Amino acid sequence: DAGVIQSPRHEVTEMGQEVTLRCKPISGHDYLFWYRQTMMRGLELLIYFNNNVPIDDSGMPEDRFSAKMPNASFSNLKIQPSEPRDSAVYFCASSSLMGKTDTQYFGPGTRLTVL
Amino acid sequence: LAKTTQPISMDSYEGQEVNITCSHNNIATNDYITWYQQFPSQGPRFIIQGYKTKVTNEVASLFIPADRKSSTLSLPRVSLSDTAVYYCLVGEDSSYKLIFGSGTRLLVRP
């Protein structure tokens, strides 16, 4: 398996523009997570899905952020409008409940810079 | 979810054994202890998970005392490539809500 795939790897945009980050989880995994990592706040969970349904979005910072998972093999995270404080590395991760293993597999991340 | 406390940074030399201790005084009965590793410009990677006593895999060992209020990740004979941030996490295996702290920055010197 190729692992969790994220695109783009780098994104530079201007304040006010819409940004879309994409994620393809590992095939067969039924949980998908979106994280944001910054120097100031560390690694934060934004939202996670189970079987394509959002379970907990309490980490989504505000209404400018939205995430969807239209099918088992794709999810996107949108920021509209983007602001400079949204600059961060955004990670997608997936996992599957197998016994008692709580292992999440992370993608390479998307480094977002909002000017 | 139980809060964890671990050293901000550690230094070591190649070939040494490194032990990183994590405190989790409020760990609940159903909580597991999990360690992740993160290299620069990469996402975190699962290293090891345990509930009690000792767990060992090809990468590391995890020591958990009887009261489970702390745990120690042991990396045998580290190399330069072990330079990374190591996160200790505590939570129920079914919660899937991992809370990452600030982690421990391990620097391995030649």
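The values are calculated or read from the model by the stated rules, or taken from the named source; none is laboratory data. Since the structure is predicted, the reported quantities are computational estimates derived from the model, not experimental observations. Cβ placement follows ideal geometry from the backbone for every residue including glycine, while neighbour counts extend to all protein chains displayed. The accessibility values were calculated without ligands, DNA or RNA, using every heavy atom of the protein model including side chains. Shrake-Rupley method; radii C 1.70, N 1.55, O 1.52, S 1.80 Å.
Per-structure values
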{"read-out": "Subset of segment A:25-72 (residues that are among the hydroxyl-bearing types (S, T, Y) and either surrounded by fewer than 16 Cβ atoms within 10 Å (Cβ to Cβ) or in contact with a Cys (Cβ under 8 Å, 6 or more places away or on another chain) (or both))", "value": "A:S27, A:Y35, A:T38, A:S58, A:S66"}
{"read-out": "Hits in segment B:16-46 (condition: among the charged types (D, E, K, R) and surrounded by fewer than 13 Cβ atoms within 10 Å (Cβ to Cβ))", "value": "B:E17"}
{"read-out": "A:G16 vs. criteria under 13 Å from A:A72 (Cα atoms), open to solvent by 20 Å² or more (accessible area, probe 1.4 Å) and out of contact with any helix residue (DSSP H, G or I) (no Cβ under 9 Å at 6 or more places or on another chain)", "value": "no"}
{"read-out": "Test for B:S61: is it farther than 22 Å from A:Y48 by Cα, in contact with a Pro (Cβ under 8 Å, 6 or more places away or on another chain), of a type in the set (S, T, N, Q) and modelled with pLDDT of 95 or more", "value": "yes"}
{"read-out": "B:S79 vs. criteria more than 13 Å from the chain's Cα centre (by Cα) and touching a residue at least 12 places away in the same chain (Cβ under 8 Å)", "value": "yes"}
{"read-out": "Strands (runs of 3 or more DSSP E) lying entirely in segment B:48-98 (those with 1 or more residues that are farther than 30 Å from A:S58 by Cα and touching a helix residue (DSSP H, G or I) at 6+ places or on another chain (Cβ under 7 Å))", "value": "B:70-75"}
{"read-out": "Qualifying residue in segment A:98-111 (condition: modelled with pLDDT under 95, of a type in the set (A, V, I, L, M, F, W, C) and part of a loop (DSSP other than H, G, I, E, B))", "value": "no"}
{"read-out": "Failed item in (1) touching a residue at least 40 places away in the same chain (Cβ under 8 Å); (2) farther than 18 Å from B:M10 by Cα; (3) buried (at least 19 other Cβ atoms within 10 Å of the Cβ), with B:Q49 passing the rest", "value": "(1)"}
{"read-out": "Tally, over segment A:1-45, of residues that are farther than 20 Å from A:Q80 by Cβ, under 14 Å from the mean Cα position of the chain (by Cα) and without any contact (Cβ under 8 Å) to a residue 40 or more places away in the chain", "value": "1"}
{"read-out": "3 or more residues within 12 Å of chain B (Cβ to nearest Cβ) and touching a strand residue (DSSP E or B) at 6+ places or on another chain (Cβ under 6 Å): qualifying strands (runs of 3 or more DSSP E) within segment A:23-85", "value": "A:31-38, A:42-50"}
